[in-house]
């Protein structure tokens with residue numbers, strides 16, 4: 001008994017621990033109202049529907065028992081059941097209670113899972129739009145119909161379970177007979193069961209009536225598109241009247257069943273039920289098939305066109321593509337002035353040659369600093385003001401990587417190594433003379449153009465385990481030349497572990513008994529968990545669908561993770577459905593699960609980027625901002641969870657500067673636009689203008705090309721805007737059919753404007769795959785790539801960017817080389833093609849000059865990636881001699897790269913590093929003795945941190961030459 005009691009107490013405390021830790025976490029992030037609203041809604045639904053089901057089943061068992069015939073009237077068949085009746089007689093009440101409790105628990109648990117459906121029904125806000133068939137507000141289909149269907153399903157379950165329970169009780173007590181001669185049922189049993197059958201048939205009548213409205217949101221296979229939603233000709237002219245007729249028949253049939261209370265005969269109800277079944281087969285199945293075969297198929301386009309037009313309109317509205325601007329684009333330039341074309345390139349786009357999906361290993365090698373730091377596999381693109389101008393920037397955070405901790409133990413993993421440190425950023429449009437990123441923010445602690453901000457990163461995409469901070473155990477902060485620095489967390493995030501009940505609850509919840517008794521936990525200790533940005537936003541707003549790519553930004557004096565979130569529904573009438581996981585998949589999500597959208601298999605037919613969320617990288621604070629102020633789905637959830645979403649006006653100017661159009665929404669919209677760019681029903685039905693998203697030509701994955709962020713201007717724009725871009729090809733072919741961009745500059749009037757440049761079908765313009773094939777097949781380029789692959793080197797193709805330029809299309813692709821002893825890719829070449837001319841040169845400027853046969857009249861100033869003022873030259877002769885040697889070694893290394901001769905390159909790199917080391921030591925000695933010129937000379941002996949980054953505290957492997965080609 002003692003063991004049993006202890007086991008029960010252990011199970012109870014385990015359940016309590018889960019509940020208590022959840023409550024503590026929600027309270028710690030100031031979203032306790034989300035926890036309580038969700039909890040009380042689930043509890044309410046559980047008890048209400050559990051009780052209703054228990055009462056329904058229990059009442060019918062009790063009624064059947066009460067209506068049992070006297071024992072003297074029982075047949076021989078029933079007398080054989082005496083031993084069963086005798087066996088359960090002493091336990092009748094307990095058995096009744098047990099059965100009703102079981103069905104009540106099951107029904108209550110099922111109902112509690114419908115908390116979202118209930119909250120949307122109770123708080124539903126009108127859309128202000130009506131469906132074209134029944135002229136009901138869209139909110140009826142999005143909020144009301146799902147709840148009515150749940151109620152109907154619950155009613156069916158209650159009726160069937162009650163019928164089964166009543167029938168078994170009647171049989172056990174003699175009200176029903178199977179093998180005995182004479183009447184098969186007593187009058188009381190007949191009346192009871194007939195009423196239950198009548199209720200079931202009445203519910204079927206309600207189902208037929210709701211099915212009429214369900215046709216507006218019904219998915220079906222249609223040759224024009226997958227996941228077609230809404231009524232077609234056969235639905236409006238066959239299924240809809242059939243459902244109405246079946247509703248009437250079901251009502252009559254239900255009345256016949258109820259009439260057995262007086263007639264005490266099954267004859268009429270059975271006839272009525274048979275008629276209903278026959279009608280369902282003939283009217284609900286055969287008649288629509290005849291209409292489809294003999295009316296629709298002979299003249300399908302004419303019959304279906306009005307319904308296709310409704311689907312086109314609804315789908316474009318539901319996905320926010322109804323305002324997409326589709327314009328004709330020739331695809332070929334008519335400008336003969338090559339110098340003008342060359343100048344137009346710089347005005348049209350800030351072409352990004354630093355591919356954020358390739359250079360993460362380069363960031364890792366040059367800026368990791370310690371093994372317990374790491375960068376994400378895919379970096380992010382943002383824009384920052386550099387020297388007063390907006391600059392496309394590739395950015396990543398130096399996050400904690402516990403796999404790099406030398407001594408793996410509980411204290412190290414959860415107390416000492418708790419956070420990452422600093423931002424690393426580089427210009428997106430250039431690289432230094434060695435092909436490395438031109439860093440604008442680098443080193444440890446990070447320094448550069450981003451100013452002062454809290455650099456500690458306690459919350460990030462790689463932070464997937466819990467940490468205990470703020471107590472007696474000090475944390476490793478970072479290491480520099482002076483040794484290891486320690487810190488103690490001062491934020492208010494996390495849950496306080498000073499309370500022994502909290503410690504015990506977390507010890508059970510995390511399965512870690514040391515939390516309960518460890519001396520490393522004391523006054524002020526706080527436990528941090530749920531630390532990835534997506535986890536935190538999804539937890540505080542479980543009614544949102546989270547974008548697959550959270551990205552960091554320095555906002556004021558903080559690092560903020562920015563998370564895009566969506567409101568969705570699958571109840572928008574006539575709008576075709578899409579599966580989010582399939583639609584948002586591309587060549588990046590195939591290799592990076594962090595980029596996959598959360599609700600992977602959710603089918604939706606309405607989506608809005610209604611919320612912009614932020615997560616503070618230090619405090620973990622989560623804020624939700626209303627972004628789409630017109631979205632009725634968001635308004636509904638804001639009514640359900642008041643106070644959780646802040647108004648759009650609360651977004652600061654600093655934060656607004658870093659908000660952008662989300663990738664997953666863009667990918668959903670581009671997939672829909674492959675078919676829904678046309679507005680004419682006849683063209684849509686013919687399928688003659690169906691597009692497809694091309695596969696990524698830079699790899700062999702066979703997955704869709706990802707969209708790319710790029711500052712550029714479309715033909716109707718007067719200035720460059722930060723944009724998200726993609727291309728389309730005709731269905732089944734590789735030539736280009738369209739180019740799509742969306743203005744991603746948040747806070748501007750043009751934000752969210754979708755522009756599609758449609759190329760003529762009469763001419764053929766090369767698509768991405770054809771351009772890549774052209775690159776690979778051109779003899780000179782192929783030979784150069786073969787040389788770059790010499791030894792153990794690998795060539796990696798960067799993002800193939802497409803830019804509309806003066807009627808034509810400019811393609812640019814950076815080429816990286818990884819090898820020759822290097823573990824990270826460096827930008828070595830740039831491929832450019834325009835109007836049939838192709839170039840493969842060391843820099844973007846050189847490639848553009850070759851393609852256009854002209855140089856820009858306003859050349860870009862030389863740029864080696866340094867964003868700071870060049871320091872004065874040292875007057876110390878030893879330093880000057882060492883720098884001269886370094887310059888010679890650098891030149892030798894560049895010559896070796898051109899051949900390429902990796903052995904000579906490695907030798908030159910060693911000589912270069914040795915020369916820089918001599919220069920640094922000589923300058924340091926000169927500074928100590930008071931010689932060597934001004935204090936600025938020290939900066940000369942070791943390159944600027946933003947120009948030539950240092951790895952692991954060592955000097956850079958190259959100097960910063962005074963002039964180098966623009967990347």
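Since every read-out is calculated from the coordinates, none of them should be taken as a lab result. In this text the structure is predicted, and so the values were computed from the model without any measurement. Using ideal geometry, Cβ is built from the backbone for each residue, glycine included, and neighbour counts are taken over all protein chains shown.
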With 18 Å as the cut-off, how large is the P(r) tail for segment 664-727, expressed as percent of Cα-Cα pairs? 53 percent
Over segment 445-601, what is the relative contact order in percent, taking alpha-carbon pairs closer than 8 angstrom and at least six residues apart? 23 percent
Can you tell me the length gained on complete extension of the stretch residue 748 to residue 780, counting 0.36 nm per residue apart and subtracting the Cα distance? 7.0 nm
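Convex hull over the Cα atoms of segment 124-195, averaged projected area in nm²? Intermediate values should be presented prior to the final figure.
Working: hull surface 29.6 nm².
In nm², the orientation-averaged hull projection of segment 124-195 is 7.4.
Suppose the chain between residue 855 and residue 488 were pulled fully straight at 0.36 nm per residue; how much longer would it get relative to their current alpha carbon spacing? Don't jump to the answer; show the numbers that get you there.
On the way: separation 367, 0.36 × 367 = 132.12 nm, distance 5.62 nm.
Difference between extended and current length: 126.5 nm.
Mind ordering 692-702, 291-301 by average Cβ neighbours within 10 Å, highest first? Numbers along the way, then the final one.
Details: 692-702: 17.0, 291-301: 13.4.
Peptide ranking by packing, descending: 692-702, 291-301.
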Burial ordering of 163, 366, fewest other beta-carbon atoms within 10 Å first: 163, 366
Which length gain, in nm to one decimal place, applies between residue 880 and residue 914 when the Cα-Cα distance is subtracted from 0.36 nm times their residue separation? 10.8 nm
Honestly segment 305-459 on the Cα gyration tensor test (a ≥ b ≥ c root eigenvalues; a/c under 1.5 rounded, otherwise a/b vs b/c for prolate or oblate) is just oblate
Taking the chain as the reference, fit the longest principal axis to its C-alpha atoms, fit the long axis of helix 2-28 to the helix C-alpha atoms, and give the angle between the two in degrees, 0 to 90, nearest 10. 50 degrees
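Kirkwood hydrodynamic radius, computed over distinct alpha-carbon pairs, for segment 752-810: how many Å, to one decimal?
On the way: mean 1/r = 0.0699 Å⁻¹.
Hydrodynamic radius (Kirkwood, Cα pairs) of segment 752-810 is 14.3 Å.
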So what is log10(I(q)/I(0)) for segment 630-745 at q = 0.16, 0.22 1/Å, when the Debye sum runs over its Cα atoms only? -0.95, -1.23
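Remind me, relative contact order of segment 132-219 in percent, using alpha carbon pairs under 8 angstrom and six or more residues apart?
Numbers: 38 pairs, mean separation 31.5, N = 88.
Result for segment 132-219 is 36 percent.
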With R₀ set to 41 angstrom, the calculated FRET efficiency between the beta-carbons of residue 773 and residue 47, to the nearest 0.05, is 0.05
If you fit an axis through the alpha-carbon atoms of helix 663-676 and take the longest principal axis of the Cα set of the chain, what angle between them do you get, 0 to 90°, nearest 10? 70 degrees
For the chain, longest principal axis from Cα atoms; helix 902-929 axis from its Cα atoms; angle between them, nearest 10 degrees, is 70 degrees
With Rh as the Kirkwood radius over Cα pairs, segment 532-659 has Rg/Rh of 0.97
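Can I get the semi-axes of segment 464-530's equivalent ellipsoid? Compute them from the C-alpha gyration tensor as square roots of 5 times the eigenvalues, in angstrom, largest first.
Rounded to whole Å, the semi-axes are 24, 12, 11.
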Return one quarter of the surface area of the convex hull spanned by the alpha-carbon atoms of segment 186-318, equal to its mean projected area, in nm². 9.0 nm²
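May I ask you to sort 745, 881 by Cβ crowding, counting other Cβ atoms within 10 Å and putting the fewest first?
Values: 745 22, 881 14.
So the ranking, lowest neighbour count to highest, is 881, 745.
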Of all the C-alpha pairs in segment 113-233, what % are more than 21 Å from each other? 58 percent
Put a dot 7 Å past each Cα toward the Cβ at residue 275 and residue 305; how far apart are the dots in nm? 4.2 nm
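Taking the Cβ of each residue in 761, 429 as the centre, tally the other Cβ atoms inside 10 Å and list the residues starting with the fewest.
On the way: 761 11, 429 22.
Going from least to most buried by this count: 761, 429.
Taking Cα pairs under 8 Å and at least six residues apart, what relative contact order does the chain come out at, in percent?
Working: 1853 pairs, mean separation 119.2, N = 967.
Relative contact order comes out at 12 percent.
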Using per-residue counts of other Cβ atoms within 10 Å, averaged over each peptide, order 566-577, 713-724 from highest down. 566-577, 713-724
What does the chain give for Rg and for Dmax, in Å, if only its C-alpha atoms count? 35.5, 125
Add -39500 (n - 2.57) for each DSSP H run of 4 or more in the chain, then divide by its residues: what number comes out at 222 nm, to the nearest 500 deg cm²/dmol? -12500 deg cm²/dmol
